[in-house]
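The values are calculated or read from the model by the stated rules, or taken from the named source; none is laboratory data. Quick caveat: nothing in here was measured; it's all calculated off a predicted structure. Please note: Cβ atoms are built from the backbone with ideal geometry, for glycine as well, and neighbour counts cover all protein chains shown. The area values use the complete protein model at the heavy-atom level, side chains included, leaving out ligands, DNA and RNA. Shrake-Rupley method; radii C 1.70, N 1.55, O 1.52, S 1.80 Å.
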Amino acid sequence: MSLNVRVQHPSNSVRAMLLRIGDAAALADVVGNAPKKMVDQLADISDERHYDPRPRITRTFNSPAHREAAQIIAQWMREAGLAVTIDAMANVRGVTPRDRVSAEGRHKPRVVVGSHYDTVIDGGKYDGALGVIVGIQAVRALLMAPGELSRPVEVIAFSDEEGVRFPVTFLGSRAVAGTLTDSILSISDKNGTTLLDAIKPHTRADVLAAARDPEEIGTYVELHIEQGPVLEAANKGLGVVLAIAGQKRITVSLMGEQGHAGTVPMGEQRRDTLAAAADMIIATERICQPGWSKRGGHLGALKDNVSNEKEEMLVCTVGHIINMPNAKNTISGAVNMTVDVRARREEVRDAAAEDISAAVHEACSARRMEMCELVTSHEAPPVESAEAPTKRLRSAIAGFYGNYSSLPGTVKSVDDIPALISGAGHDALAMADIADVTMMFVRHPGGVSHSPLERVLDEDIVSATGAMALYLKDEVESGDDPTCGA
């Protein structure tokens with residue numbers, strides 16, 4: 001599909017970008033036609049490309065397909081005019097050449113654009129990949145014109161965000177942030193290969209060398225599909241992210257008494273762990289349903305500090321359960337399940353986790369469980385987007401929509417740009433340890449993610465790439481430190 005970008009009454013910033021690039025047709029190819037082709041090309045690179053009856057998109061850390069994808073991304077970065085390296089953790093990094101940055105700007109904190117190029121098993125082609133490609137093409141637009149930038153710009157394609165091969169998320173961005181610990185490097189995949197073995201001939205010292213000095217980075221910006229229904233419901237192609245919800249996962253292990261399904265009477269003689277788990281799942285959903293601040297428990301105690309429940313983005317899910325022996329004619333004797341709790345504020349997340357824990361113990365007592373154990377298996381703090389870059393990102397989105405009349409024009413001002421809370425984790429969570437972060441979400445029709453059914457509209461790819469280019473232009477031509485106000 002050829003995208004005809006037509007400009008009507010462009011603002012000064014848009015007019016300047018068009019003059020620098022050359023013409024609107026060139027801009028159309030950079031921000032519209034090329035990204036779509038690149039997404040399709042990357043989707044063809046898969047661990048399971050010969051799967052029958054249809055190819056599946058699967059790129060796990062350091063697989064042959066993963067390494068091939070890294071080389072393709074490196075090639076795209078070079079074609080965009082970036083100086084490229086691939087670090088020990090397989091992050092592909094492209095930075096604006098030294099001679100394109102002013103002498104006084106070469107040592108200023110750089111602006112980093114990033115996302116990931118790994119996938120889940122049988123995943124979609126936009127999750128992660130679109131953010132990498134939009135970042136490359138936005139910087140390409142920036143470098144197509146002569147002149148110096150006031151600071152460096154770096155695009156990073158992170159090697160592993162999903163945590164499929166190794167049971168730890170954000171391996172790539174953690175390496176850049178310098179938060180990969182020895183215990184993480186020692187974890188093993190299902191075949192017993194440790195992470196450190198998997199990256200050979202690279203060593204622990206090489207991994208440490210991949211870390212960025214926090215003083216080198218001013219702002220980190222990431223584009224990602226929304227993975228939810230909010231933008232589609234609002235009929236908006238793009239939005240900004242105000243915060244990434246904090247996460248807590250609780251592993252619940254139960255042991256009751258296994259027995260014959262036909263001979264053990266109902267009632268007190270049964271110690272059915274699956275029935276106890278069902279009670280817990282229902283309780284979890286009840287605790288976290290809307291109205292939670294008006295009920296009792298630890299969540300209810302927060303009512304004076306909660307003005308709008310919706311803005312807290314509390315969600316609670318039991319998505320993993322193992323029932324043993326899992327036989328159709330046997331009473332369950334043991335269950336292992338995971339409760340996932342997320343919220344914008346840590347105190348809300350922790351209060352919900354406390355109430356769920358209390359409900360689990362209550363169900364264990366009522367069902368006379370022999371063992372009832374709860375262990376926090378994962379915890380990540382919430383991250384607030386930095387105010388100044390988020391404001392600039394919002395302005396860039398409004399500027400792009402407001403000046404390209406051939407694209408859907410439901411945005412009339414900055415106030416029309418939706419502001420969302422991300423319930424999903426992103427590389428921005430790890431990068432927040434060393435930089436101010438901000439994120440742009442792209443409309444995701446249907447909201448189905450981690451699936452071949454992922455969809456993004458062609459016009460939204462145009463909007464996302466164009467808006468990202470305008471945002472970066474503002475960051476590198478303002479002459480101000482990107483960590484300062486707008």
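Taking Cα centroids, how far is the stretch 145-205 from the stretch 252-303 in Å? Cα centres, the stretch 145-205 to the stretch 252-303: 39 Å. Charge tally around K294: other residues with Cβ under 12 Å, Lys/Arg +1 each, Asp/Glu -1 each, net 0. For S463, the accessible area of its heavy atoms, probed at 1.4 Å with every protein chain present, is near 0 square angstrom.
Checking the a/c ratio against 1.5 first, then a/b against b/c, what shape does the Cα gyration tensor give for the stretch 203-255? Here the stretch 203-255 falls in the oblate category. Solvent-accessible surface (1.4 Å probe) assigned to T85 amounts to roughly 80 Å². With the cut-off at 1.5 for a/c, could you classify the stretch 157-305 from its C-alpha gyration tensor as rounded, prolate or oblate? Taking the square roots of the gyration eigenvalues as a ≥ b ≥ c, the stretch 157-305 is oblate.
Applying 1/(1 + (r/R0)^6) with R0 = 51 Å to the Cβ-Cβ distance of D206 and E373 gives a FRET efficiency near 0.85. Against the main long axis of the alpha-carbon atoms of the chain, helix 346-366 sits at an angle near 20°.
When DSSP beta bridges are restricted to pairs lying wholly in the chain, around 70% turn out antiparallel. If the Kirkwood radius is taken over C-alpha pairs of the stretch 135-239, then at 37 °C and 0.692 mPa s the Stokes-Einstein diffusion coefficient equals 195 µm²/s.
Cα-based values for the chain, radius of gyration first and Dmax second, are 24.4, 83 Å. By the helix-only formula, in which each DSSP H run with n ≥ 4 contributes -39500 (n - 2.57) and the sum is divided by residues, the chain has a 222 nm mean residue ellipticity of -10000 deg cm²/dmol. Against the chain, whose longest principal axis is taken from its Cα atoms, helix 387-403 shows a tilt of about 60°.
What the phi angles of the stretch 268-275 give under the Karplus curve with 6.51, -1.76 and 1.60, with θ = phi - 60°, is a coupling list of 5, 6, 9, 10, 7, 6, 5, 5 Hz, glycine and proline written as x.
How much accessible area per residue does the chain have, in Å², with a 1.4 Å probe?
It amounts to 42 Å² per residue over the chain.
The largest accessible area among L231, L196, L453 belongs to the first residue in L453, L196, L231, and the rest follow in falling order (1.4 Å probe, all chains).
Under 1.5 on a/c is rounded, so check that first for the stretch 246-379, then, if it is not, pick prolate when a/b is larger than b/c and oblate when it is not; a ≥ b ≥ c are the square roots of the alpha carbon gyration tensor eigenvalues. Prolate, because a/c is 1.5 or more and a/b exceeds b/c. Between 0 and 90 degrees, the angle of helix 458-477 with respect to the longest Cα principal axis of the chain falls at about 70 degrees. For the chain, carbon and sulfur atoms together expose 50% of the accessible surface, with a 1.4 angstrom probe and every protein chain in place.
Size of the dipole of the chain about the Cα centre, Lys and Arg at +1 and Asp and Glu at -1 on the beta carbon, nothing else charged, in debye to 20?
Dipole magnitude for the chain comes out near 720 debye.
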